[in-house]
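The values are calculated or read from the model by the stated rules, or taken from the named source; none is laboratory data. Since the structure is predicted, the reported quantities are computational estimates derived from the model, not experimental observations. Here Cβ is always computed from backbone atoms with ideal geometry, including for glycine, and neighbour counts include all displayed protein chains. The protein model used for the area step is the full one, side chains on, heavy atoms only, and it has no ligands, DNA or RNA in it. Shrake-Rupley method; radii C 1.70, N 1.55, O 1.52, S 1.80 Å.
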Amino acid sequence: MPQQGMPAGNMQYRKRQSENETVIKHIKRKRPTDRNMPPKIESFIPESTLYTELSEFEKKLDATIMRKRLDVQEAIGKPFKVDRTLRIFISNTSDEQSHNRTEGSSNPPSWTLKIDGRLLDPVIPTKRANPIQKFTSFFRSIVVELDRDPNLYPEGNVIEWHKQADAAEHDGVEIKRTGDTNVNCRIILDLDYNPQKFKVSEALSQVIHTKLDTRPQIIMELWNYIKHHKLQDNEDKRVIHCDEALTQLFGSKEIHFSALPELINQHISAPDPIVLNYTIRVDKEHYQCPKAFDVNVELDSVLRQKMLSQVSSQQVQKQIMELDDKIVQCVQSINNSKIKRDFLLQFSKHPVEFINKWIASQARDLEVILGESKVNLEEMRQSDFYKQTWVKEAVFHYLTSKTQQRMQEILNVQQHQPPH
């Protein structure tokens, strides 16, 4: 219910903020970023010119660091690999066979196939060696096919291992099965290329002279071939006039550049896996294949890994932000001190004039505050504002309060007068 003497329709209530709203507003409040010194501060603090010079130097340094950071990020985005040789070893052990069976043992005869490998040292040794990678990290999948009678061994003759996204890598693979006879097996290794590489068809390989590469690089090689032989249309560079080799490859004399990726997909496929044949022998307790198999693999360079760690590090950036906050706080303190100095300096020079201006300024601020929270001041200037129904009652209460106040003052004066 509105108070008497105030207009009910023109009341404006200010909602009190809850504690949660206050906290959220404080969190969302922007961090101060003003790092500029107040104007004409050099006359009071001559050393402030050094701060201005340092600020200008910092801007140039930030621009240089940002440019170098972009160069590093661009270099990281490019595949920079180092070719190494992975030497694969295959062996097997046998247990509880006729030649090494333990007396009284009830365990069936079995064998264990082991597949492992190691990286060979580079031809040109470096001071900083590449980090050691596990054997399984080089492969997407490992499949072992056993050549034996499935009726005698119902556990299965195909063993598969596939790389999982978050699974741990291993130094090798071991497969244990029961059996007391030699077994021929076929080991299929599918290399894990990052980024993914594709096998190029024989027809396309004769044009771009590459047999295995990434999809973007294959498209780039074909585009270089087109530009080298000047097969682009003179007016519309997106149109390609195929020569005899491209006509046989794509089956058309004219193609559009946007169709190249789809056309190339018909001539690329998954790389051929590495297939190794091995005979598991059980006549010996330990048997090592007399041959070792060398496979070319690609590793990320140490320089790329170092650049990646530097770019992803947030510790230095956090320290810089903390120092920036301290600088902003110092600059704000200087600004506040200068405002106080100007305030007191004007008061000391012209006290009366300063006080009058200050009171007028405070009055305007008060009107703004009252206009936002109580009564609309613009409506108070209109005559209709005073013709509302509540005006008479408000005037009556006002005059009554003034009358009572005056009567109280008279009574107080009479009480304090001495008797005649």
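With the condition kept exactly as written, say whether any residue in region 146-162 is in contact with a Cys (Cβ under 6 Å, 6 or more places away or on another chain) and either part of a loop (DSSP other than H, G, I, E, B) or modelled with pLDDT of 90 or more (or both).
For region 146-162, residues in contact with a Cys (Cβ under 6 Å, 6 or more places away or on another chain) and either part of a loop (DSSP other than H, G, I, E, B) or modelled with pLDDT of 90 or more (or both): present.
Just checking, how many residues over region 45-67 are farther than 25 Å from V316 by Cβ and exposed (fewer than 11 other Cβ atoms within 10 Å of the Cβ)?
2
Condition (residue is part of a helix (DSSP H, G or I) and modelled with pLDDT of 85 or more) applied to region 355-362: is it met by at least one residue?
Keep residues of region 355-362 that are part of a helix (DSSP H, G or I), which gives 355-362.
If we keep only those that are modelled with pLDDT of 85 or more too, we end up with 355.
Looking for residues that are part of a helix (DSSP H, G or I) and modelled with pLDDT of 85 or more, one finds at least one in region 355-362, hence yes.
If I filter region 36-51 down to residues being assigned to a helix (DSSP H, G or I) and of a type in the set (A, V, I, L, M), which single residue comes out as nearest to N335 (Cα to Cα)? Outline the logic, then answer.
Of all residues in region 36-51, those assigned to a helix (DSSP H, G or I) come to 41-43, 48-51.
Among the residues that remain, those that are also of a type in the set (A, V, I, L, M) are: 41, 50.
Details: I41: 9, L50: 17 Å.
Among residues in region 36-51 that are assigned to a helix (DSSP H, G or I) and of a type in the set (A, V, I, L, M), the one nearest to N335 (Cα to Cα) is I41.
Does R281 count as surrounded by 15 or more Cβ atoms within 10 Å (Cβ to Cβ), at pLDDT 90 or above, more than 30 Å from R238 (Cα to Cα) and not assigned by the TED database to the domain that holds I208? Break it down stepwise before answering.
Working: surrounded by 15 or more Cβ atoms within 10 Å (Cβ to Cβ): yes; at pLDDT 90 or above: yes; more than 30 Å from R238 (Cα to Cα): yes; not assigned by the TED database to the domain that holds I208: yes.
Yes.
Step by step: first the residues of region 312-339, then only those that are over 19 Å from S55 (Cα atoms) and small (G, A, S), then the one that is nearest to the chain's Cα centre (by Cα). Which residue is that?
S312
Residues are listed down the side, and each one gets a yes or a no for (1) open to solvent by 60 Å² or more (accessible area, probe 1.4 Å); (2) modelled with pLDDT of 85 or more; (3) within 30 Å of P216 (Cβ to Cβ); (4) not in a loop (DSSP other than H, G, I, E, B):
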position: D71; (1), (2), (3), (4): yes, no, yes, yes
position: V82; (1), (2), (3), (4): no, no, yes, yes
position: L86; (1), (2), (3), (4): no, yes, yes, yes
position: T93; (1), (2), (3), (4): no, yes, no, yes
position: K114; (1), (2), (3), (4): yes, yes, no, yes
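What number of residues within region 311-340 satisfy the criterion of being open to solvent by less than 70 Å² (accessible area, probe 1.4 Å) and farther than 24 Å from P38 by Cβ?
At the first step, the residues of region 311-340 found to be open to solvent by less than 70 Å² (accessible area, probe 1.4 Å) are 311, 313, 324-325, 327-328, 331, 333-335, 337-338.
When the remaining residues are screened for being farther than 24 Å from P38 by Cβ, the result is 311, 313.
Total meeting the criteria: 2.
Looking at L191, L119, which one is among the aliphatic types (A, V, I, L, M), modelled with pLDDT under 90 and surrounded by 13 or more Cβ atoms within 10 Å (Cβ to Cβ)? Before you say what the answer is, go through the steps one by one.
Values: L191 fails: modelled with pLDDT under 90.
Just a single option satisfies the conditions, and that option is L119.
Condition (residue is in a strand (DSSP E or B) and open to solvent by 60 Å² or more (accessible area, probe 1.4 Å)) applied to region 219-240: is it met by at least one residue? Full working, then the answer.
Pass one, region 219-240, residues in a strand (DSSP E or B): 232, 239-240.
Keeping just the survivors that are open to solvent by 60 Å² or more (accessible area, probe 1.4 Å) gives none.
No; the residues of region 219-240 include none that is in a strand (DSSP E or B) and open to solvent by 60 Å² or more (accessible area, probe 1.4 Å).
Looking at E254, E262, can you tell me which residue is exposed (fewer than 12 other Cβ atoms within 10 Å of the Cβ) and either more than 27 Å from V143 (Cβ to Cβ) or within 38 Å of the chain's Cα centre (by Cα) (or both)? Steps first, please.
Values: E254 fails: exposed (fewer than 12 other Cβ atoms within 10 Å of the Cβ).
Residue meeting the stated conditions: E262.
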